[in-house]
2 protein chains.
Amino acid sequence: MGLTKSEMFTEEQNRMALIAKAFGHPARVAILQHLFKLNSCVCGDLVNEIGLAQPTISQHLKELKTLGIIKGNIEGTSVCYCINQDEWQSIKQLFIQFFEQETIEKGNCC
Amino acid sequence: MGLTKSEMFTEEQNRMALIAKAFGHPARVAILQHLFKLNSCVCGDLVNEIGLAQPTISQHLKELKTLGIIKGNIEGTSVCYCINQDEWQSIKQLFIQFFEQETIEKGNCC
DNA sequence: TTTATTTATTGCAATATTACGATTAAGTAT
DNA sequence: ATACTTAATCGTAATATTGCAATAAATAAA
């Protein structure tokens, strides 16, 4: 039905999925990479850098901002977006923990 | 339009997004965690463990298998699913690289 | 062969996501 | 005030995802 049944999962699982979903679009990956490269950025730059229309980029930025992954400061007519470093570290830890799960028993059937 | 314009992004960005999307649903996160915990598993276990219907779980498993994240071995009537360790290491590296991007200049405007 | 058992597939309904044109909002400059 | 610039919002169309009932397929057990 297109409706994720969040209530049957742990908070960690839901958080993991929510953040992963934010990384689940190449435009948002590109935006984050660009923000890292420039360390500060306005939306217009991104529209030029990435090939999508301005409302589309704005929408992706909003999504990242809602999740707290990026921050936005109004600077005159333009907006300065950048990575939320604190949140980034927190997310990094979440993912590293997830990836560091190791199988105890190596005698796998596959 | 619901259609991601993959052609305007790098291969790395697309791969990153594709894998992240697989992690972008709590059921799939839960499946992976369960596979790590048990190191081998049949689909039925997952149906009991997670609260979703059998076809739904089967669909999520297929998605993970198509991406190469998990492997499945037929064992009689049941199927033994497990993590594809090689692929897991590769994905782990991809994400670690992504998370290790650091801002050069700390004098941020935000 | 018939009957369970277990997983995959099909078909479909409901919801979510992606993209963008048109417009609005808010600040700058003239 | 008027014109310009930049980003957000609205509305909408197209596509994707999620979930499950029903069914099929495949093996095992009787």
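Other chains near A:27-36: what is the mean number of their Cβ atoms within 10 Å of each residue's Cβ? Before the final figure, lay out each step's value.
Values: counts 7, 4, 10, 8, 1, 4, 6, 0, 3, 5.
Rounded to a whole number, the mean comes out at 5.
Just from the alpha-carbon atoms, what are the Rg and Dmax of the range A:30-99 in angstroms?
12.6, 42
Determine the sum of side-chain charges near B:D45: Lys and Arg each +1, Asp and Glu each -1, restricted to other residues whose C-beta is under 15 angstrom from that of B:D45. List each step's numbers first, then the result.
Details: positive: B:K37; negative: B:E49, B:E75.
My count for the surroundings of B:D45 gives -1.
Using only the alpha-carbon atoms, how far is helix B:26-38 inclined from the longest principal axis of chain B? Give it as 0 to 90 degrees, nearest 10.
60
Pick out which of A:L38, A:L64, A:L94 has the largest mean-square fluctuation in a Gaussian network model of chain A, springs linking Cα atoms closer than 10 Å.
Among A:L38, A:L64, A:L94, the largest GNM mean-square fluctuation belongs to A:L38.
For n ≥ 4 DSSP H runs only, could you compute -39500 (n - 2.57) per run for the protein assembly as shown, divide by its residues and tell me the 222 nm figure to the nearest 500?
On the way: 10 runs with 120 residues, N = 220.
Helix-only estimate at 222 nm: -17000 deg cm²/dmol.
Past 22 Å, Cα to Cα, is the threshold; run A:K71/B:K92; A:K62/B:K92; A:K37/A:K65; B:K37/B:K92; A:K37/B:K65 against it and keep the listed order. Before the final figure, lay out the partial values.
Details: A:K71/B:K92 27 Å; A:K62/B:K92 27 Å; A:K37/A:K65 18 Å; B:K37/B:K92 18 Å; A:K37/B:K65 34 Å.
Long pairs (Cα-Cα over 22 Å): A:K71/B:K92; A:K62/B:K92; A:K37/B:K65.
Order these by the 10 Å Cβ neighbour count, fewest first: A:S40, B:S6. Show your work: numbers first, answer last.
Numbers: A:S40 18, B:S6 14.
By the 10 Å Cβ count, ascending: B:S6, A:S40.
Calculate the length of the line joining the C-alpha centroid of the range A:66-83 to that of the range B:62-93, in whole Å.
Spelled out, the Cα-based centre of one part sits 39 Å from the other.
Report the extension gain between A:E75 and A:Q89 in nm, rounded to one decimal, defined as 0.36 nm multiplied by the number of residues separating them, less their alpha carbon distance.
Using 0.36 nm per residue and subtracting the Cα-Cα distance, I get 2.5 nm.
To the nearest 20 Debye, how big is the dipole of chain A about its Cα centre, given +1 on the beta carbon of each Lys and Arg and -1 on that of each Asp and Glu? Before the final figure, lay out the partial values.
Details: 10 positive and 12 negative charges, 48 e Å.
For this selection, approximately 240 debye.
With only alpha-carbon atoms in the gyration tensor, what are the semi-axes of the equivalent ellipsoid for the protein assembly as shown, in Å, largest first?
Details: eigenvalues 249, 61, 48 Å².
Its equivalent ellipsoid spans semi-axes of 35, 17, 15 Å.
Near the amide H of B:C80, under 5 Å away, which other amide H atoms are found, from residues 5 or more places off or on another chain, if H is placed in the peptide plane?
Residues meeting the amide H criterion: B:N73, B:I74, B:E75.
Every read-out reported here was derived from the displayed coordinates using simple, explicitly stated rules and does not represent laboratory data. Source: prediction; values computed, not measured. Cβ: placed from backbone, ideal geometry, glycine included. Neighbour counts: every protein chain shown.
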